[in-house]
1. If we scan region 34-49, do we find a residue that is at pLDDT 90 or above and surrounded by fewer than 21 Cβ atoms within 10 Å (Cβ to Cβ)?
2. What residue, among those in region 224-250 that are modelled with pLDDT under 90 and small (Gly, Ala, Ser), is surrounded by the most Cβ atoms within 10 Å (Cβ to Cβ)?
3. Mind checking which residues of region 12-26 are open to solvent by 30 Å² or more (accessible area, probe 1.4 Å) and over 17 Å from Ile263 (Cβ atoms)?
4. For region 159-204, name all the residues that are open to solvent by 40 Å² or more (accessible area, probe 1.4 Å), over 16 Å from Asp56 (Cα atoms) and among the charged types (D, E, K, R).
5. Please name all residue pairs, on different chains or six or more residues apart, with Cβ atoms under 7 Å, provided the first residue is in region 64-87 and is outside any strand (DSSP E or B) and the second residue is aromatic (Phe, Trp, Tyr) and surrounded by fewer than 22 Cβ atoms within 10 Å (Cβ to Cβ).
6. Could you list, ordered by first residue, the pairs with Cβ atoms under 9 Å in which the first is in region 274-302 and in a helix (DSSP H, G or I) and the second is open to solvent by 40 Å² or more (accessible area, probe 1.4 Å) and of a type in the set (Lys, Arg), at least 6 apart or interchain?
7. Every residue in region 264-307 that is closer than 18 Å to Ile73 by Cα, of a type in the set (A, V, I, L, M) and modelled with pLDDT of 85 or more, please.
Amino acid sequence: MPPFSLDFLSTRRSNLQSFLQSVTPIVPSKPLPRSNMDDQSSTWNPNGDEYFTLGDLWDCYEEWSAYGVGAPISLKDETVVQYYAPYLSAIQIYTIRSPSTPRNSSGDEVDGTDFEMESWSDASDSTDKLSRSLSNNSISADSCLDQLEVSRDRLGYLYFQYSEICTPYWRIPFADKIFELSQNYPGLATLKTTDLSAASWMAVAWYPIYHVAMKRIVKNVSASFLTYHTLSSSFQDAVEENFDSRIRLSPFGLAAYRMQNDIWINSDAQDYEKLNDLQSAADSWLKQLSFHHHDYNFFTSHTNIELGFPF
């Protein structure tokens, strides 16, 4: 399971929960060839013989990149559908086997062993504990993620990394950005989730574009979000839809910008605690990988001032 699951949705689902559910990709999965199962899946992939390619995942963002994804937002006397456009905010791809010398998006050589992470089997166990702790609010995300510090040689091999620094007005849609980057890094389209180490992840920036109202708009429902998703098969939720196997990439981390609490948060659903856990998980993940995420730093530098969070 990923570090955070959307299974906590209550009967009184909040607008924040509605947004998270709307922007969670569910990717068709494929059976792993039998010849690969003994040396890959059985050792660290809890989904067994299921995998998808990164290209399969990017397909989920094609339509969203063109038209946006709608999240139903309930107000006191009306419902609107707020549409969000996705943009690639950051990504790191680590493989379990050595590729050619990895480079970053600027073409510079990088050392794939400059970070810390535990062995794959232990990472799966620790992340499952983190998922349960976030759902039950039993212990903090930081205390769980402390378990992810073990040895430098267990992270894997850094194939590619990218962090967007342009202003949102100059960014190109998610699908277009992936296509652009994959011209020099074809593995961004062809790598399987079973090829990736547990340290592989991406962050998606969601910016509002327009809304569809059922009645007159009385409040501004615009807010921007960062969602964090692990990419390895070891952290995903397997789901069944019409007898087809699919894998859900639930966000394990979140950051928000210009989010009005009275619109997005349902205190009865313990949204404050869950939002705190999600942001803590994102913060801990970035610190574990020593990754400077420009968008996260911008979002969180405005959080306490603009949102008035009780943390």
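1. Checking region 34-49: not a single residue is at pLDDT 90 or above and surrounded by fewer than 21 Cβ atoms within 10 Å (Cβ to Cβ).
2. Per the criteria, the residue is Ser233.
3. Within region 12-26, just Ile26 meets the criteria.
4. Glu180
5. Listed pairs, sorted by first residue: Gly68/Tyr83.
6. His302/Arg258
7. Once the filter is applied, which keeps residues that are closer than 18 Å to Ile73 by Cα, of a type in the set (A, V, I, L, M) and modelled with pLDDT of 85 or more, region 264-307 yields only Leu275.
The values are calculated or read from the model by the stated rules, or taken from the named source; none is laboratory data. No experiment lies behind these values; they were computed from the predicted model shown. As a convention, Cβ positions derive from the backbone with ideal geometry for all residues, glycine included, and neighbour counts pool all protein chains shown. SASA here: full protein model, heavy atoms, side chains in, ligands and nucleic acids out. Shrake-Rupley method; radii C 1.70, N 1.55, O 1.52, S 1.80 Å.
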